[in-house]
Amino acid sequence: MPPPAGTEGGAPPAGGEAPRAASVPVVVVAGRPNVGKSTLVNRIVGRRAAIVEERPGVTRDRLELEATWTGRGFVVVDTGGVVTRGGSLDLLVSGQARRAIDQADVVLFVVDATTGITAEDDAVAELLRRTGRAVLVVANKVDSAAQEAEVWELARLGLGEPVPVSALHGRGVGDLLDLVVARFPAEPPADGPATAARAVEPVDAGVVASVTIVGRPNVGKSTLLNRLAGADRVVVHDVAGTTRDAIDTVVETDEGRIRFIDTAGLRRKSRIGAGTEYFSLVRSLAAIDRSDLALLVIDASDGVTHQDQRLAERIDAAGSPIVVVLNKWDLCTAERRKVVTADVADRLGFLAYAPVLRLSALTGRGVHRLLPAIRGAIDAYHRRIPTAALNEAMRAIQSAHAPPGSRILYAVQGAVDPPTVTLFASRRLQPGYLRYVERSLRERFDLGPTPMKLRVRLRVS
């Protein structure tokens, strides 16, 4: 597991994970694995935001979501199972859950009422007693009134009266949320000096860009996010496929607040099974579509694979700017670096506009170049060219190299995100000439780090 950013290879380029607004209460859903924590989170937020499957270990990272109950906004945090023994990955997941608990206003300790108290439940209860946090014991899987008598055994945990619910069917969840809200810190008085802080600050407040980190499994996406956030925000392990969900983290940087989205490693469709892997794929692709920019992380020691090429095509088709990140560059020999550089030019030639950064997320070397590249790509993505300047450029472009058998009469930029230019021509323009026009416009208006669209309309005679 890598050290927190800043302990090796210099200080991180980001200012650290953005602090949450002090007025927003935090509710952490915790417990041993496979007791229904993610199902309860989905019920609280009213949508299937967390991946749910009937086997332990599906949730690994902290997933933070906005929720509201009786007019009070709060953040609910889904966590992986808390364990005291297990493999290295289990302990890393448990560590993420414990970090979340340390920041909680209220902890929902979920226990499976159908199985009763286990040794793992006792261990979690002991941990929660030591934290001093407000804890509600949630007796889950109580699907009928006939089962409610069984929940009193859970009072033996020593954390108060258990609350019977069925997260799957929604039974008792409203009563549970009433108890949760009652334990929140008091809101500032309406006539007090802090009135402006009473409203919950949206997660997107002040965010200047949304950046999705994508790539094959085990190429260093989560390590890069932790480096940027300046903390171990997501679980990093050398087992491929550690990240399951799309995890949003807002980071304070010199460029402003940026939301980084760590995604599950994307594999070939033929290797993607049902359940968890399928939903991980769906959410990763959705994250690409809703972001302002994608960081395509490639393991430089492997070079550009066929799957990297397919991912680049998928991002390019979405119209998002791309920054290509060759991670683990420090592991490559001088000869290998030449091969990888040629590989990028060959296999990713259709992304000739995209910046290519060579860095090491583990040591931090070269990561300082990432934020300026992100800012440059996003600025170009939103660039609008004045019509007069665009047509002056088109006259110069045609003077240097006239289109064979045609003439561009007029040009106008019809859209941004990405910049889209419509060319009004006397006759059809050849693909080679359109590439020349695009390259010339990029150079003249500094549109290098963004995709660009050229549309041609013929003059109606």
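Each value in this text was obtained by applying a stated rule to the coordinates, not by laboratory testing. Since we're looking at a predicted model, the values are computed, not measured. Heads up, the Cβs are rebuilt from the backbone with ideal geometry, glycines too, and the neighbour counts pull from every protein chain shown.
Tabulated results
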{"read-out": "Fewest-first ranking of Tyr410, Tyr433, using other Cβ atoms within 10 Å as the exposure measure", "value": "Tyr410, Tyr433"}
{"read-out": "Semi-axis lengths, Å, region 286-347, gyration tensor of Cα atoms, sqrt of 5 times eigenvalues", "value": "24, 11, 8"}
{"read-out": "Eligible lysines near Lys141 by straight Cα distance, threshold 17 Å, same-chain separation 8 or greater", "value": "Lys37"}
{"read-out": "Straight-distance crosslink candidates among lysines, where the alpha carbon sits under 18 Å from Lys453 and sequence neighbours closer than 8 are dropped", "value": "none"}
{"read-out": "Euclidean distance of C-alpha centroids, region 379-398 and region 205-220, integer Å", "value": "30"}
{"read-out": "Translational diffusion of region 100-168, µm² s⁻¹ [Kirkwood Rh, Cα pairs; Stokes-Einstein; 25 °C; 0.890 mPa s]", "value": "201"}
